[in-house]
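The values are calculated or read from the model by the stated rules, or taken from the named source; none is laboratory data. This one's a predicted model, so the numbers in the text were calculated from it and none came from an experiment. Methodologically, a virtual Cβ is constructed for each residue, glycine included, from the backbone with ideal geometry; neighbour enumeration extends over all protein chains shown. Only protein heavy atoms, including side chains, enter the accessible area calculation; ligands, DNA and RNA are left aside. Shrake-Rupley method; radii C 1.70, N 1.55, O 1.52, S 1.80 Å.
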Amino acid sequence: MKVPVSVSVNGRAIQRDVEPRLLLVHFLRDVAGLTGTKIGCDTSQCGACTVLLDGMAVKACTCLAVQADGASVTTVEGLSAGTALHPLQEAFWEKHGLQCGFCTPGMMLAAHDVLRTNPSPTSDQIRHGLEGNLCRCTGYQNIVRSVQAAAQGGRS
Amino acid sequence: MTVTMKPARIFGSGIRRREDPRLITGTARYTDDITLPGMVHAAVLRSPHAHARIARLDTQRATGAPGVVAVFTGADVEGALNPIPCAWLLPNAELKIAQYRALAKDVVRYVGDAVAVVVAESPYQAADALDLIDVDYEPMPATVDPEKAAQKNAPQLHAEIPGNVAFHWTLAGGDVDAAFKSADVIIRDRIHQQRLIPTAMETRGAVAQFVPATGELTLWNTTQNPHIVRFIMSLVTGVPEDRLRVVAPEVGGGFGSKIAQIQGDFITTFCSMKLGRPVKWQESRSENYVSTTHGRDHVQDIELAATKDGRVTALRATVWAGMGAYLSTAAPGIPTILHGLMLSGPYTIPAVKEDVYGVYTNTTPVEAYRGAGRPEATFMLERMMDLLADKIGVDPVEVRRRNLIPPFENGHNVVTGLTYDSGNYEGALSKALNHVKYDALRAEQKAAREKGRYVGIGVSVYVEICGLGPSQVAGAIGFQGGLWESAIVRFHPSGKVNVFIGASPHGQGEETTFAQIVSDELGVGVNDVKVVHGDTDNTPMGWGTYGSRTTAVGGAALAVATRKIKEKAKLLAGHLLEAAVEDIDYADGRFFVKGFPDRHKTIQDIALMANVAWNLPQGMEAGLEATSFYDPPNFVYPFGAHVAVVEVDAETGRVDLKRYVAVDDCGPQINPVIVEGQVHGGVVQGIGQALWEEAVYDESGQLLTGSLADYAIPRADLLPDLEVLSTVTPSPHHPLGVKGIGEAGTIASTCTVYNAVIDALEPFKVSSLRMPLTPERVWRAIHAKGA
């Protein structure tokens with residue numbers, strides 16, 4: 001039994017009949033065709049699937065597509081405006097905040113949320129804000145530097 | 001007068017990475033991002049028992065489920081797939097290899113052992129149908145501890161291998177017995193190198209596309225070594241290598257867990273061969289935890305003999321290394337070659353003996369995991385050094401200093417048979433101690449103790465073997481492949497460059513650093529060089545990215561290839577400039593007549609002329625391209641010294657890591673920012689082992705830490721900023737003097753943090769504690785001894 005949902009993803013309306021159990025992350029990857037959002041676990045720990053739902057960070061693996069009906073979602077693909085990179089993307093690039101890149105989309109969107117509520121966070125505040133996002137490559141240090149640079153760089 | 005500033009040298013410059021634009025925009029494609037027309041999805045049914053007979057297996061209900069295209073079991077695979085091979089046939093070790101099937105038949109031997117596969121139109125339908133497969137298991141006793149599994153009366157895993165011992169490997173150098181007989185001091189300890197789960201953020205997966213009309217197979221695979229996959233896949237499936245294309249797409253981390261070929265890879269390929277359609281399989285994290293290879297899992301008994309003034313005269317150890325239920329691709333070499341040979345470390349230890357038993361247990365197969373054998377060796381040494389220091393009442397740094405090999409630039413033989421290339425262990429140690437102001441730190445510790453605060457300082461000195469390695473050695477030690485690396489450097493008519501490499505980076509940054517090498521050698525703009533890797537159809541043969549070898553060996557191949565180009569370019573420049581080649585000099589991308597800098601050709605001029613071939617000297621072929629297959633004459637031996645400062649809360653047992661200092665020496669650094677990043681990541685993984693991580697099996701072989709909810713990998717809020725410094729001691733045999741750095745951080749950090757915690761607990765006389773040093777373990781140790 002499928003239900004119709006309508007989600008605005010990065011400004012584009014996507015309408016589809018979906019199973020109620022379809023996870024938002026699968027909706028984004030398989031229905032909307034936006035594979036930038038990653039899946040890193042099945043217990044909601046890792047945060048690789050973090051997207052913005054009506055402007056706030058959520059783990060898309062722990063959200064059903066039907067819960068996003070009528071809402072607006074921003075994925076990593078929606079961070080940049082045209083070809084211009086978002087300050088977070090620019091900062092992660094500048095500060096070597098990524099290695100394999102798999103955690104990076106979710107990490108940047110979680111950081112977006114940190115900066116939304118705290119535009120000038122300390123290193124400790126950034127670390128606490130990112131405790132729900134796991135990275136195995138970087139040891140987090142350059143991620144923290146990236147978020148600090150983005151905070152200094154301007155709008156979030 | 002104008003002053004021309006010479007631009008900073010590109011080699012040594014922390015430029016930002018070529019890899020990043022596609023990664024930060026979400027446009028990079030990892031294996032699970034690949035969709036092909038007609039593609040179907042595989043889900044694997046895995047044994048819930050650690051050891052059981054399959055009494056009944058009925059797939060009928062699953063076959064009829066919505067969207068299901070096919071269901072296959074071990075019976076279907078028999079005859080179609082050869083057993084999964086072990087590719088490290090350790091000689092002189094009584095190696096006994098158990099038959100390892102892609103889908104188990106009759107008996108399952110670990111939780112996660114693959115039993116059946118459902119192929120369906122969608123992943124949800126495939127997962128639904130798994131529940132409809134009826135399996136009756138007859139559970140049998142299981143054994144999970146490597147020491148216990150090797151004892152009499154332990155449950156037997158493989159009928160053809162009574163005793164469960166996969167191999168018994170020994171290393172001996174010098175006269176260990178004499179040293180122990182005449183020792184003033186003997187230290188003993190038992191160490192558990194707990195099993196770890198590598199947990200790359202991307203799980204493993206594969207997309208297999210077999211085309212029946214042509215017999216060709218394309219396999220997209222989360223691998224660290226696509227050419228090895230091609231080789232092994234051809235042996236197992238019968239698809240010849242010339243028709244087998246393996247592509248490593250973007251790969252989200254490996255750390256050793258994507259070296260081996262595991263059941264899922266072969267199952268996916270088999271399904272595609274049977275169905276003639278593309279098939280995708282991607283692990284969930286829970287599946288990854290039982291299906292993808294684990295790391296470490298040693299039980300070690302160590303003895304150290306020393307003089308009364310702390311000079312080590314011998315080290316003797318027995319190790320039981322858990323292998324899991326089957327031998328993984330490179331598994332036998334990890335607790336032996338990559339471990340035992342480093343048993344004298346950076347010290348002048350004249351006698352060493354080790355017995356290593358590789359033991360089958362009803363657990364997930366064990367394979368390389370960052371450091372792979374070397375953390376286990378360094379930990380042994382550094383623990384023994386601290387225990388020795390405690391025994392004779394000497395500062396732990398001083399004890400180490402009494403044993404360090406003095407600095408050397410070009411070769412030092414050690415008792416295990418290796419020749420280290422270059423080292424300055426005292427230099428790294430001094431730098432670390434000066435940076436933390438060690439004496440003042442000890443004074444602060446004393447003052448803190450008087451106030452009832454338990455501060456601990458851990459110091460470690462390490463050297464490790466990496467940059468695998470001389471292929472002749474590979475053959476001698478049973479590795480069923482070579483360990484050279486390849487590079488093709490190709491100049492296009494417009495002067496842009498493509499580099500094709502056999503290595504397969506997955507986050508380490510070689511698309512950037514290798515462009516820096518070419519730019520440095522030939523003056524090409526670094527943004528005019530694109531590095532191509534990962535696809536066996538368009539890259540030369542290579543042996544993979546692991547063991548900190550890509551820059552040490554692959555980078556060497558690249559340097560040699562660019563120098564071949566330089567030689568040819570010089571010849572052509574001479575010809576075009578009508579000067580003898582001896583009169584041609586090179587600087588910054590220009591070939592010019594000595595003394596006449598205006599008479600020059602740029603490398604781009606040469607590239608165009610070589611490609612159009614209008615005017616080449618007699619006997620010169622067209623094109624500006626060179627290939628190198630570089631076989632290193634030795635391994636490389638990075639080294640360093642680390643310091644950790646911790647504070648333990650005696651009431652909760654919680655360890656707070658206050659400071660961590662790493663001084664590492666990987667020779668000249670192509671890109672210091674990337675080097676630092678590798679140290680950050682490596683150190684944090686090692687800290688994870690010391691404080692938080694453990695793969696726990698219960699007695700019946702159930703993996704209790706079966707997901708990220710129970711297996712605690714490091715989080716951002718648990719770590720301080722690391723202080724990363726370096727010394728630079730070139731390798732005498734590498735064309736660029738460069739050593740590896742990918743694993744060094746992990747090799748040093750576990751023991752550094754561990755030693756710091758034991759040091760903090762000194763007032764409680766705790767000398768040994770099992771890792772991870774969770775609050776509960778630390779608290780119990782404090783309270784067992786009394787406050």
Check: Is one or more of the residues making up the range B:587-604 assigned to a helix (DSSP H, G or I) and surrounded by 18 or more Cβ atoms within 10 Å (Cβ to Cβ)?
Finding: yes
Check: Got at least one residue in the range A:53-60 being over 22 Å from A:Cys135 (Cα atoms), open to solvent by 10 Å² or more (accessible area, probe 1.4 Å) and touching a residue at least 60 places away in the same chain (Cβ under 8 Å)?
Finding: yes
Note to self: Can you pull out every residue in the range B:234-247 that is open to solvent by less than 10 Å² (accessible area, probe 1.4 Å) and either within 25 Å of B:Gly295 (Cα to Cα) or assigned to a helix (DSSP H, G or I) (or both)?
What the structure shows: B:Val236
Next item on the list: Pick out, from the range B:1-78, the helices (runs of 4 or more DSSP H) lying fully within it that include 2 or more residues that are more than 30 Å from A:Leu79 (Cβ to Cβ).
Entry: B:60-63, B:74-77
Margin query: Looking for something open to solvent by 30 Å² or more (accessible area, probe 1.4 Å) and assigned to a loop (DSSP other than H, G, I, E, B) - is there at least one such residue anywhere in the range B:743-763?
Written below: no
Next item on the list: Taking B:Ala42 as meeting all but one of (1) among the aliphatic types (A, V, I, L, M); (2) surrounded by fewer than 22 Cβ atoms within 10 Å (Cβ to Cβ); (3) in contact (Cβ under 8 Å) with a residue 12 or more places away in the chain, write down the number of the exception.
Entry: (2)
Note to self: For the structure I just gave you, tell me whether B:Glu510 is among the acidic types (Asp, Glu) and within 14 Å of chain A (Cβ to nearest Cβ).
What the structure shows: yes
Item checked: Any chance B:Leu95 is in contact with a helix residue (DSSP H, G or I) (Cβ under 7 Å, 6 or more places away or on another chain), on the phi < 0 side of the Ramachandran plot and crowded, with 20+ Cβ neighbours inside 10 Å -> no
Next item on the list: Six or more apart or on different chains, Cβ under 6 Å: which pairs go from a residue in the range A:32-46 that's closer than 15 Å to B:Glu287 by Cβ and within 7 Å of another protein chain (Cβ to nearest Cβ) to one that's open to solvent by less than 30 Å² (accessible area, probe 1.4 Å) and among the small types (Gly, Ala, Ser)? Could you list them?
Entry: A:Gly40/A:Ala48; A:Thr43/B:Ser707; A:Cys46/A:Gly40
Next item on the list: All but one of (1) within 14 Å of another protein chain (Cβ to nearest Cβ); (2) open to solvent by 30 Å² or more (accessible area, probe 1.4 Å) hold for B:Thr222, so report the exception by its number.
Entry: (2)
Next item on the list: Out of the residues in the range A:25-52 that are over 17 Å from A:Met107 (Cβ atoms) and charged (D, E, K, R), state the one that is surrounded by the fewest Cβ atoms within 10 Å (Cβ to Cβ).
Entry: A:Asp30
Notebook entry, point to check: How many residues, within the range B:122-138, are within 15 Å of B:Ser284 (Cβ to Cβ) and open to solvent by 60 Å² or more (accessible area, probe 1.4 Å)?
Noted result: 3
Item checked: Residue count, the range A:128-148 (criterion: open to solvent by less than 30 Å² (accessible area, probe 1.4 Å) and at the interface with chain B (Cβ under 8 Å from one of its Cβ atoms)) -> 13
Checklist line | Criterion: within 14 Å of chain A (Cβ to nearest Cβ), part of a loop (DSSP other than H, G, I, E, B) and buried (at least 22 other Cβ atoms within 10 Å of the Cβ) - qualifying residue of B:Lys258, B:Lys280 | finding: B:Lys258
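For residues that are among the charged types (D, E, K, R) and within 13 Å of chain A (Cβ to nearest Cβ), scanning just the range B:199-216, find the one that is farthest from B:Gly264 (Cα to Cα).
The residue in question is B:Glu202.
Which of the residues belonging to the range B:169-183 are in a helix (DSSP H, G or I) and either touching a helix residue (DSSP H, G or I) at 6+ places or on another chain (Cβ under 6 Å) or of a type in the set (Lys, Arg) (or both)?
B:Lys181
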Check: Quick one: in the range B:22-42, which of the residues that are touching a Pro at 6+ places or on another chain (Cβ under 7 Å) and not basic (Lys, Arg) is nearest to the other protein chains (Cβ to nearest Cβ)?
Finding: B:Gly26
Checklist line | Sole residue being more than 23 Å from B:Asn403 (Cα to Cα), more than 22 Å from the chain's Cα centre (by Cα) and not β-branched (Val, Ile, Thr), chosen from B:Trp320, B:Trp281 | finding: B:Trp281
Check: Restricting the search to the range B:671-694, which residues are more than 9 Å from chain A (Cβ to nearest Cβ) and open to solvent by 10 Å² or more (accessible area, probe 1.4 Å)?
Finding: B:Pro672, B:Val675, B:Trp692, B:Glu694
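Conditions (1) among the β-branched types (Val, Ile, Thr); (2) assigned to a strand (DSSP E or B); (3) surrounded by fewer than 24 Cβ atoms within 10 Å (Cβ to Cβ), marked per residue:
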position	(1), (2), (3)
B:Gly322	no, yes, no
B:Glu354	no, yes, no
B:Val359	yes, yes, no
B:Arg370	no, no, no
B:Pro375	no, no, no
B:Leu381	no, no, no
Item checked: Test: A:Gln125 is in a helix (DSSP H, G or I), of a type in the set (S, T, N, Q), more than 7 Å from chain B (Cβ to nearest Cβ) and under 30 Å from A:Val3 (Cβ atoms) -> no
Check: In the list B:Glu723, B:Glu699, which residue meets the criterion of being farther than 28 Å from B:Ser286 by Cα, in contact (Cβ under 8 Å) with a residue 40 or more places away in the chain, surrounded by fewer than 24 Cβ atoms within 10 Å (Cβ to Cβ) and of a type in the set (D, E, K, R)?
Finding: B:Glu723
Next item on the list: Return yes when B:Val661 is buried (at least 24 other Cβ atoms within 10 Å of the Cβ) and more than 27 Å from B:Val526 (Cα to Cα) and no when it is not.
Entry: no
Next item on the list: Confirm whether A:Thr74 is over 24 Å from A:Ile14 (Cβ atoms), away from chain B (no Cβ under 11 Å) and open to solvent by 10 Å² or more (accessible area, probe 1.4 Å).
Entry: no
Check: Can you spot a residue in the range A:13-21 that is open to solvent by 10 Å² or more (accessible area, probe 1.4 Å), facing chain B (nearest Cβ under 10 Å) and not polar (S, T, N, Q)?
Finding: yes
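Rundown of residues vs (1) in a loop (DSSP other than H, G, I, E, B); (2) at pLDDT below 95; (3) not hydrophobic (A, V, I, L, M, F, W, C), yes/no style:
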| residue | (1), (2), (3) |
| --- | --- |
| B:Ser700 | yes, no, yes |
| B:Thr705 | yes, no, yes |
| B:Ala712 | yes, no, no |
| B:Asp717 | no, no, yes |
| B:Pro730 | yes, no, yes |
| B:Pro735 | yes, no, yes |
| B:Ile741 | yes, no, no |
Notebook entry, point to check: With B:Val185, B:Val165, B:Val119 as the choices, which residue is over 18 Å from B:Val107 (Cβ atoms), open to solvent by less than 60 Å² (accessible area, probe 1.4 Å) and within 28 Å of the chain's Cα centre (by Cα)?
Noted result: B:Val165
Check: Going by the conditions given, is B:Ala149 touching a residue at least 12 places away in the same chain (Cβ under 8 Å), of a type in the set (A, V, I, L, M) and surrounded by 24 or more Cβ atoms within 10 Å (Cβ to Cβ)?
Finding: yes
